[in-house]
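J.: Input: one structure, supplied below.
The values are calculated or read from the model by the stated rules, or taken from the named source; none is laboratory data. Quantities reported herein were computed from a predicted structural model and do not represent experimental measurements. Here the Cβ positions follow ideal geometry from the backbone for every residue, glycine too, while neighbour counts run over all protein chains shown. Ligands, DNA and RNA are stripped out before the accessible areas are found, and what is left, the full protein with its side chains, is counted by its heavy atoms. Shrake-Rupley method; radii C 1.70, N 1.55, O 1.52, S 1.80 Å.
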Amino acid sequence: MANKVLAGRYELFERIGEGGMSVVYKAKDKLLNRFVAIKILKPQFINDHKFIDSFRRESQAAASMSHPNIVNIYDVGREGNIHYIVMELIEGRTLSDYIKAQGAMSYPKVIALSKQIAAALSFAHKNHIIHRDVKPHNVMITPNGTAKITDFGIAKAVNAATIVDNTDGIIGSVHYFSPEQARGGYVDEKSDIYSLGIVMYEMLTGRVPFDGDNPVNIALMHINGEMVPPSRLIGGVPPALEHIIMKCTDKYPVNRYASADELIEALNNLEFVGSVVGKSVLMGGNGNGRDAYGGRNPIAETDYDDGEEYVEEDPRDKRKHKKPMDKKKKIAIIGGSAAAGVILLVVVLGLIFGWFGGKEIEVPSFKNMTYEEAQEAAELLDLKIKKGEDVVSEDVEKGRIVSQDPEAGTTIKTGSTIKVNISIGLGEGSVPDLTGKMENELSSYLDAAGFKLGSVSERASDEPEGTVIDQDPKPGTEAEKGTEINVVVSDGSKAKASMPFVTGMTLNEASSAILNAGLTVGTVSYDYSNTYANGEVMWQQYEGNAQKERGTSVKLIVSKGKKPEETAAPSETPED
């Protein structure tokens, strides 16, 4: 397959991956001059029309999404029996390879990656797309640590660890799918949250919670089996993080997080509280008195009546005396420490969420406003505006707000800050070369490049009618995506016509060929021929392939057949 060119623009170089349903190649998009990844469906699936229809429909839906934690899909197409998807080429490795190489990850790394994956799922869910196959194999990790989910909407991969049903085909990868997927039941956003919880479990412990000899046994474990908490497998697991994972993977969807955004909020709170109150107190502990960094955690210790003696220093001299501590005193110290921690936590959360002051208001929508307009509107409501990212947008004009955080309709306190992302339009690109192309193919060609067809005018030319002979902007010029490209096409008035071979044809056949070539039939004369049958053209004025002005007349000579033989006149007999 290497060195093959698809759709006249995607040149395949080398195979870089393979899954249950497809093979992935590194390729170059010759039109846009960039490297891409092309996923090609394996031959065994090309005759499954239901599968192909789903493959195409859901891939096109996924192609409409653009998010920093989602591998972009640029194009979906077919050439002959080859069904392919053109995707963003990611330099990095899959999360499954990362786990295989590194083993269990530190919990801060687990939190960071989980938030990115959840952000991608949140975006997809808001676009009414359910992934259905969230697993480490479908998450790419870039060299800078960014997680990007791939296979959105095309995640119905077939392999040894896949379960299928009798109606919809594939329903997920067995080590990661939800109990409702295992039952063949209704699948929604909470199924993706369950799968992400399994991925978090594997990142934290280095193993999946359920494994077995065959997919059916594993599926039954998801339905009926009890999940071993991560803290029993590995030390240093923050109880709060373990709680989040167990909530994600609850067997009943109603008990899971209601949305990916709610999961992100829980992870954010975990990070923030740990940074303010201290990881060793609020995030550490796994029942063995050790925090996540391997340090001693007195609050996490549970065995306080182990006969050890409390060492108290006498302030009057530097001698140390050992005496047993009263058990009630121990309990009081422990209770006081815990109460102080709870109070501090309440204060911190109160400052975060504005429990101690401020008026609650509903966030207005700043979409399509300029930054200055948004500032003025926010001041009227006692809110603050902060610039976020510059983002590419098809829908929002350059310089105007695309999205905001918090979103419109959210209830917040006055004085809060709202981050807004500003449109940079469609971005810039290189204007493609249209010269030599036919007018009727320009729109689809420009759409693929991100531009639009502008005005079309005609000019006399010796090129065939409808051929592009000039354009503005010129080829190779950098222009904003969506820019209109104006073209000039040939009117064909000076175009040359190629003389066809018509000898041996009947006069009617020859006349049609000459007219179709853009020429006209001139004088037709007739003569005898021993070579050509009666009615066949025996001579044409111009040789075949001769280039003539359009409309030139062509003289023809048509055979009358063989010349009749002359008979001698009878001789007269003289009279006697």
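J.: Would you mind checking which residues have amide H under 5 Å from Lys452's amide H? H placed 1.01 Å from N; only 5 or more apart, or other chain.
T.: Gly482, Thr483, Glu484, Ile485
J.: With an 8 Å Cα cut-off and a minimum separation of 6 or more residues, compute the relative contact order for segment 67-117 in percent.
T.: 28
J.: In whole Å, what are the Cα extents of segment 429-550 along the three principal axes, biggest one first?
T.: Reported extents, whole Å, longest axis first: 70, 24, 18.
J.: Report the gain in length on full extension from Asn545 to Asn486: 0.36 nm times residue separation, minus Cα-Cα distance, nm rounded to one decimal.
T.: Residue separation times 0.36 nm, minus the Cα-Cα distance, leaves 17.8 nm.
J.: First select every other residue whose beta carbon is under 15 angstrom from the beta carbon of Asp491; then total the charges, Lys and Arg +1, Asp and Glu -1.
T.: -3
J.: Among residues other than Leu380 whose Cβ falls under 15 Å from its Cβ, what is the net charge (Lys/Arg +1, Asp/Glu -1)?
T.: Combined, the nearby Lys, Arg, Asp and Glu give -4.
J.: Right, another one. Using protein chains only and a probe of 1.4 angstrom, how many square angstrom of Ser122 are accessible, to the nearest 10?
T.: That residue has around 10 Å² of solvent-accessible surface.
J.: With all protein chains present, calculate the accessible area of Leu380 using a 1.4 Å probe and round the result to the nearest 10 Å².
T.: Approximately 150 Å² of Leu380 is accessible to the 1.4 Å probe.
J.: Highest mean first, how do 395-402, 145-152 rank when packing is the count of other Cβ atoms within 10 Å averaged over residues?
T.: By packing density, highest mean first, the sequence is 145-152, 395-402.
J.: Which net charge results when you count Lys and Arg as +1 and Asp and Glu as -1 among the other residues whose beta-carbon is under 11 Å from that of Lys4?
T.: Counting the neighbours of Lys4, the net charge comes to -2.
J.: Related question: For His131, what accessible surface area do you get with a 1.4 Å probe? Give it in Å², rounded to 10.
T.: The accessible area of His131 comes to roughly 0 Å².
J.: Right, another one. Once fully extended, how much extra length lies between Phe272 and Lys4, figured as 0.36 nm per residue of separation less the alpha-carbon to alpha-carbon distance?
T.: Between Phe272 and Lys4, full extension yields 91.3 nm more.
J.: Restricting to Cα pairs below 8 Å that are 6+ residues apart, what does the relative contact order work out to for segment 451-549? Please round to a whole percent.
T.: Rounded, it is 30 percent for segment 451-549.
J.: Continuing with this model, one more query. From the P(r) of segment 1-80, could you give the percentage of C-alpha pairs in the tail past 22 Å?
T.: 25
J.: Additional query: Using 0.36 nm per residue of separation minus the Cα-Cα distance, give me the extension gain between Phe35 and Ser430 in nm, one decimal.
T.: Extending this stretch completely gives an extra 140.7 nm.
J.: Quick one: which of Lys452/Lys494; Lys30/Lys481; Lys26/Lys398 span more than 23 angstrom between C-alpha atoms?
T.: Exceeds cut-off: Lys452/Lys494; Lys26/Lys398.
J.: Right, another one. For segment 85-94, in order, what is each residue's ³J(HN,Hα) by Karplus, 6.51 cos²θ - 1.76 cosθ + 1.60 with θ = phi - 60°, in whole Hz (x at glycine and Pro)?
T.: 10, 9, 10, 4, 8, 9, 7, x, 9, 6
J.: Largest first and to the nearest Å, give the Cα extent of segment 169-210 along each principal axis.
T.: If we take the Cα atoms of segment 169-210, the spans are 30, 17, 13 Å.
J.: Hey, another quick one. Looking at segment 461-532, I'd like the Rg to Rh ratio, where Rg is from alpha-carbon atoms and Rh is Kirkwood's inverse mean 1/r.
T.: So for segment 461-532, dividing Rg by the Kirkwood Rh gives 1.32.
J.: OK, next. Nearest 0.05, what FRET efficiency do Ala479 and Asn530 give at R0 = 56 Å with Cβ-Cβ as r?
T.: The computed FRET efficiency comes out at 0.25.
J.: Treat each spin label as a single point 7 Å out from the Cα along the C-beta direction, and report the Gln375 to Glu79 distance in nm.
T.: 5.1
J.: Please report the relative contact order for segment 1-71, taking Cα pairs under 8 Å with a sequence separation of at least 6, and give it as a percent rounded to a whole number.
T.: Once divided by the residue count of segment 1-71, the mean separation gives 18 percent.
J.: Structure shown: which of Lys247/Lys387; Lys28/Lys100; Lys135/Lys190 lie over 26 Å apart, alpha-carbon to alpha-carbon?
T.: Lys247/Lys387; Lys28/Lys100
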